[in-house]
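Enquirer: Sharing a structure, written as structure tokens. Questions coming.
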Amino acid sequence: MNNKIKAAVAGALLASASVANAGITWDAGEWTVDMSGNVNSFAIVQDASDSNAVVGGLAQTKGNDSTQTFINTGLLPNFLGFTASTRQNDLDTSITISFNPGGSSTEAASGGSGEENRQAFLTFGDASWGSFKFGKDLGIFGSTAILNDMTLLGVGATATTTGGGNTTLGRIGTGFMYADWQGQIAYTTPNMNGLQLTVGIAQPWDAKSSDNTVSDASSGSNDEFSYQAQGSYSWTGDFAGKIWVGAYHQEVSNLATNGNSDDAQAFEVGVSTTISNINLVAYAYSGEGIGTTFLLQDGFDVNGNARDSDGGYVQATYVIPTGTKLGVSYGMSNLDDNAVDSGKGLVEENSMLTIGAYHPLTKHLNLVAEYSKVESEAHDTVSDNESDSFSVGAILFF
């Protein structure tokens, strides 16, 4: 399977055996060009229980009406990607570029939603000693957690999406941190009888807050790269699976008004196993200064002190004789508060229960139906809210 599919839609490939194993390929001189992608769209009906605003909360709040409807892409963006690869001077080399057009808009004559370019990277290496990656691609820390999330084929949490957004959240922020799309230089070892390690440096990010009243920690975070690593062991057979561990570290400078520096760091561990038609996933992470949902969001208070956070999810899927995959998953992301956070409505826990059905109409086309309940609890105990969403749609790969 080519590098582009692994990087861009590997999560969907893991989630559904019905997806084809390659895109459209052709030879161009010394190069092999591979084009692949997906388009997906969902009708979503969401019901919010109340209008409480939890800072950093992911449950949708009630506006003029408790029910909202919209048509949007799911967790996977619409995607069109190209990889050109060749072998020269005993090196396997490739470049990958992808385009991610949005699939919805909330206003007439707007021309649709915005476009993203999530990937632009090169690789070089050899099977005997590994490979290097230079450029923008999915981050290392948290990547395997999202690639095993069953909502990659669906919607999961919508957060504040009310149409016009490029993607929903899936289980991001309710079980794992978003790996995101990061400029990076990374090295991956060859596969050594199932063992593999990836280490890298990535573009450092600024600390930020969900709400300007919670933290003024911002800017000045680029004094030091972020350092990320993930090691894994995979095995095959009747009882196949993968176990992985990962780590993240970044020094964050110019925090709050005193301009002090602190470290954002985290660790993760997960396992995915398959027995016959059953797949089970368990994952957990813990950190300080990393915040919740997105890396470095709400990670520090107004005095520049790190907040602790942790979370995880469990998931079970079963493929019935018709080929339909049925799944249920539950996860949560927790954020501790500090003494100065009292009364600010900061989120304490975001959690989500998702039940889904994913049916392969063809080997390329999946029909999807999901129900998700998202709950956001605040430290002040008065700003809690929850929302329910139902979605049906289709996702087509080539």
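The values are calculated or read from the model by the stated rules, or taken from the named source; none is laboratory data. Since the structure is predicted, the reported quantities are computational estimates derived from the model, not experimental observations. Glycine also receives a Cβ, built like all others from the backbone with ideal geometry; neighbour counts cover every protein chain displayed.
Enquirer: Restricted to segment 342-364, and to residues that are free of Cβ contacts under 8 Å to residues at least 40 places away in the same chain and among the hydrophobic types (A, V, I, L, M, F, W, C), which residue is nearest to residue 288 (Cα to Cα)?
Expert: 353
Enquirer: Could you check, for segment 194-216, whether at least one of its residues is of a type outside the set (A, V, I, L, M, F, W, C), surrounded by fewer than 17 Cβ atoms within 10 Å (Cβ to Cβ), touching a Ser or Thr at 6+ places or on another chain (Cβ under 9 Å) and at pLDDT 95 or above?
Expert: Yes - at least one qualifying residue is present in segment 194-216.
Enquirer: Test each condition in (1) in contact with a His (Cβ under 9 Å, 6 or more places away or on another chain); (2) within 23 Å of residue 174 (Cβ to Cβ); (3) part of a strand (DSSP E or B) for residue 344 and report the one that comes out false.
Expert: Here residue 344 meets the rest and fails (3).
Enquirer: For segment 266-310, give me each residue that is in a strand (DSSP E or B), over 18 Å from the mean Cα position of the chain (by Cα), farther than 14 Å from residue 206 by Cβ and not small (Gly, Ala, Ser).
Expert: Those that are in a strand (DSSP E or B), over 18 Å from the mean Cα position of the chain (by Cα), farther than 14 Å from residue 206 by Cβ and not small (Gly, Ala, Ser): 273, 274, 275, 278, 279, 280, 288, 308.
Enquirer: Restrict the check to segment 275-288 and report whether at least one residue is modelled with pLDDT of 95 or more, more than 27 Å from residue 153 (Cα to Cα) and surrounded by fewer than 19 Cβ atoms within 10 Å (Cβ to Cβ).
Expert: no
Enquirer: Among the residues of segment 292-349, how many are surrounded by fewer than 16 Cβ atoms within 10 Å (Cβ to Cβ), hydroxyl-bearing (Ser, Thr, Tyr) and in contact with a Lys or Arg (Cβ under 8 Å, 6 or more places away or on another chain)?
Expert: 1
Enquirer: Can I ask one more? Check 358, 330 and return the single one that is closer than 19 Å to residue 142 by Cβ and modelled with pLDDT of 95 or more.
Expert: 330
Enquirer: Let me ask something else about it. For residue 246, state whether it is surrounded by 23 or more Cβ atoms within 10 Å (Cβ to Cβ), at pLDDT 95 or above, more than 30 Å from residue 323 (Cβ to Cβ) and not aliphatic (A, V, I, L, M).
Expert: Answer is yes for this residue.
Enquirer: Next question, about the same structure. Checking residue 190 against (1) at pLDDT 90 or above; (2) in a loop (DSSP other than H, G, I, E, B); (3) touching a Lys or Arg at 6+ places or on another chain (Cβ under 9 Å), only one condition comes out false. Which one?
Expert: Condition (3) is where residue 190 drops out.
Enquirer: Moving to a separate point now. Which condition from (1) closer than 14 Å to residue 207 by Cβ; (2) modelled with pLDDT of 95 or more is the one that residue 223 breaks?
Expert: Failing condition for residue 223: (2).
Enquirer: A follow-up question, please. Mind telling me which of the residues 378, 339 ends up being more than 30 Å from residue 100 (Cβ to Cβ) and free of Cβ contacts under 8 Å to residues at least 12 places away in the same chain?
Expert: Criteria check complete, one pass: 339.
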